[in-house]
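Undergrad: Below are the structure tokens for one structure; questions will follow.
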Amino acid sequence: MSGPVTKDAQSTEKTHEPKIIAFCCNWCSYAGADLAGVSRLQYPSNVRIIRVMCSGRVDPAFVLKAFELGADGVIVAGCHPADCHYINGNEKAAMRGDFLSEFLEDAGIEDQRFRIEWIAGSEGQKFADVVKKMVAELERLGPLCEEDV
């Protein structure tokens, strides 16, 4: 019979659970996330969704602030190209995403920690798959250190 597990043993056994912030477009990707939940699709609960009217309205400062406040990864999800309810909002999001990727790389933050995804309202499974994949990548990378931000 073994003795009680010490606090140190408990903390070393616990794996890192990455924190993910997802900025989701109201018209498509948020509906996809909602469909994933309503359909009871299995995906990690590590993601916190922030609904925005359009992915093109996600300011790069929002992404940087998410990292500063402890997020290990950030997803900006919007409508598929040519399906934006605001005509070209997702094109703006893509351009900002390119800028952010370069900026984060220059800052020493791995590119797997930030991604742009196009998810339609009918793609609940895709939303779940994107979250699963990102959680797996972030678990492999480990937590984002404060010095990195």
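The values are calculated or read from the model by the stated rules, or taken from the named source; none is laboratory data. Small disclaimer: the values here were computed from a predicted structure and weren't measured. Glycine gets a Cβ as well: all are built from the backbone with ideal geometry, and neighbour counts include every protein chain shown.
Undergrad: State the number of residues belonging to segment 55-65 that are surrounded by fewer than 22 Cβ atoms within 10 Å (Cβ to Cβ) and not acidic (Asp, Glu). It would help to see each step written out before you state the result.
TA: Here is the first cut: in segment 55-65, the residues surrounded by fewer than 22 Cβ atoms within 10 Å (Cβ to Cβ) are 57, 59-62, 64-65.
Retained after the next criterion (residues that are not acidic (Asp, Glu)): 57, 60-62, 64-65.
Of the residues in segment 55-65, 6 are surrounded by fewer than 22 Cβ atoms within 10 Å (Cβ to Cβ) and not acidic (Asp, Glu).
Undergrad: When the residues of segment 70-89 are narrowed to those that are among the small types (Gly, Ala, Ser) and part of a loop (DSSP other than H, G, I, E, B), which ends up farthest from Trp27 (Cα to Cα)?
TA: Gly70
Undergrad: Starting from residues that are under 23 Å from Cys28 (Cα atoms) and either modelled with pLDDT under 95 or aliphatic (A, V, I, L, M) (or both), keep the ones in segment 101-149 and report whichever is surrounded by the most Cβ atoms within 10 Å (Cβ to Cβ).
TA: Ile119
Undergrad: Would you check if there is a residue in segment 55-69 being β-branched (Val, Ile, Thr) and over 17 Å from the mean Cα position of the chain (by Cα)?
TA: Looking for residues that are β-branched (Val, Ile, Thr) and over 17 Å from the mean Cα position of the chain (by Cα), one finds none in segment 55-69, hence no.
Undergrad: Follow-up. Looking at (1) over 22 Å from Pro18 (Cβ atoms); (2) of a type in the set (Lys, Arg); (3) in contact (Cβ under 8 Å) with a residue 60 or more places away in the chain, can you tell me which one Arg96 breaks?
TA: (3) is the only condition that Arg96 fails.
Undergrad: Hey, can you tell me all the residues within segment 99-140 that are more than 14 Å from Val47 (Cα to Cα), without any contact (Cβ under 8 Å) to a residue 40 or more places away in the chain and hydrophobic (A, V, I, L, M, F, W, C)?
TA: Those that are more than 14 Å from Val47 (Cα to Cα), without any contact (Cβ under 8 Å) to a residue 40 or more places away in the chain and hydrophobic (A, V, I, L, M, F, W, C): Phe99, Leu104.
Undergrad: Taking the stated definitions as given, is Lys92 at pLDDT 95 or above, surrounded by fewer than 16 Cβ atoms within 10 Å (Cβ to Cβ) and part of a helix (DSSP H, G or I)?
TA: The answer is no for Lys92.
Undergrad: Could you say which residue among Gly56, Gly124 is out of contact with any Leu (no Cβ under 8 Å at 6 or more places or on another chain) and not hydroxyl-bearing (Ser, Thr, Tyr)?
TA: Numbers: Gly124 fails: out of contact with any Leu (no Cβ under 8 Å at 6 or more places or on another chain).
Going through Gly56, Gly124 in turn, just one is out of contact with any Leu (no Cβ under 8 Å at 6 or more places or on another chain) and not hydroxyl-bearing (Ser, Thr, Tyr): Gly56.
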